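Structure first, commentary second.
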Amino acid sequence: MTNDLEKTPVTVLGLGAMGQALATAFLEAGHPTTVWNRSPGKGDELVARGAVRATGAGEAVRAAELVVVCVLDHDAVEAVLDSVADELPGRVLVNLTSDTPERARKTGAWAQERGIDYLDGSIMVPVDLIGQPPALIFYSGPRAAYDKREAALKALGGKPAHLGEDQGLAAVYDLALLDYFYGSISGLLHAYALAGADGVRAADLAPYLDTITAIMPSGVAEAAQHVDAGSHPGEAANLGMMASGVGHILEWAEHRGLDVSTLRSIKAVYDKAVALGHAADSWTRTIDVVRGDAGTARGDRVGQSL
C-alpha cells in the first residue's frame with residue numbers, strides 16, 4: 001500500500017451534500033478518489049472532476065486504503081458496512097455520520113470483532129467549509145489508525161482533532177457543542193422576539209449583541225475552570241442576582257405573550273439552586289441542578305475521591 005505522502009487512495013461512501021463535499025476536498029488535495037452512493041444519479045460532477053464511480057460498495061472499498069462513510073443515519077451505516085465487512089480489514093474506516101456515543105461504540109465493537117481499524121468522527125462545520133482551514137472535525141478511536149491516515153484526513157479541514165481511543169468521544173463532543181449551539185441560537189431568536197414585541201427591529205438590536213458575544217470566550221473558559229474544580233465563587237455575579245434577572249425577562253415575555261417554556265425551565269433551575277442555599281455562588285453552580293446532584297458539586301466529589 002502507498003503512504004499518505006504518495007496521496008492515499010480514498011473512497012467516499014454516500015453522496016449527499018456532505019459526502020460530495022468530502023469527496024471534492026479529497027480530489028482537490030490530489031487523492032485518487034472513488035465514490036459510491038446507495039441510490040443512482042449522484043456524483044456526475046465528481047466524476048467530471050476526476051473521481052471514479054464504483055458500481056458497488058465492495059468495488060468502492062477495494063479501490064482505497066482509507067474508506068469514509070457519510071450517509072443518512074446509523075441504520076444506513078449498518079446496512080452499508082455489513083455489505084462490505086469482508087473487504088474492510090487492512091484499511092482504515094472512518095464514519096462521519098453523526099449519531100449518539102452509544103451507537104458509535106456499538107459500531108466500534110462491530111469493527112473490532114472483525115479486525116477493522118475504525119474511527120468515528122463528527123463534522124462540526126457546514127458543507128461550504130469542508131476542506132477549509134477553519135473546518136473542525138472530531139475523530140475518536142485507535143490512535144495508530146488515526147496517525148496512519150492523518151495526512152489524508154487533513155484534506156477535509158484545517159482543524160482535525162483526535163480525542164482519544166474511546167470511539168464514542170467524537171459523538172460526545174459533537175452533542176455537547178451542539179447543545180451549546182442550539183441553546184444559543186434559540187436564545188438569540190427569543191431576544192429578537194422580546195425586543196420586537198415592543199417595536200424594536202432585530203437589525204436595530206443586533207449591533208449591541210456584540211457586547212454579549214465578546215465576553216463569551218473568556219466566560220466559557222472561566223466557567224469550565226469552575227465546573228472542573230467544583231468551586232463556584234460568586235463575588236462578581238452571584239446566582240441570586242441572576243435568578244432575579246431571569247425572572248424579569250420571564251415576567252415581560254409572559255406579558256408580551258411570547259412562548260416562555262425555555263425561560264421557565266431556566267428560571268426553575270436557578271430557583272432550585274437558590275433554594276439549595278447557593279444564592280451567593282456563581283451562576284455556574286446551577287450545573288449541580290442540571291446534573292441532578294442535589295446541591296453537591298460533582299467536582300467536589302471527584303476531588304475528594306482522588
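Brief remarks on what is shown
- Calculated FRET value between D271 and A203, using beta carbons and R₀ = 35 Å, to 0.05: 0.55
- For region 179-285, the set of GluC sites (Glu not before Pro) satisfying both a DSSP loop assignment and a count of at most 16 other C-beta atoms within 10 Å is given as E235.
- The alpha carbon convex hull volume per residue for the chain rounds to 176 Å³.
- Cα long-axis angle, helix 17-28 against the chain (0 to 90 degrees, to the nearest 10): 60 degrees
- FRET E, pair D210, E254, Förster distance 25 Å, beta-carbon r, rounded to 0.05: 0.35
- FRET efficiency estimate (nearest 0.05) - Cβ-Cβ, R62 to A236, R0 45 angstrom: 0.15
- Angle in degrees between helix 169-196 and the longest Cα principal axis of the chain, rounded to the nearest 10: 50 degrees
- Helix-only CD estimate at 222 nm, as mean residue ellipticity for the chain, using -39500 (n - 2.57) per DSSP H run (n ≥ 4): -16500 deg cm²/dmol
- Sequence-distant residues sharing a close amide H with V52 (under 5 Å, placed H): T33, T34, V35
- Residue order, fewest to most beta carbons within 10 Å, for F26, F138, F181: F181, F138, F26
Read the figures in this text as sums done on the coordinates, not as results from a lab. Treat the numbers as computed from the prediction; the structure is a model and nothing was measured. Don't worry about glycine lacking a Cβ; one is built from the backbone with ideal geometry, like all the others, and counts go over all protein chains shown.
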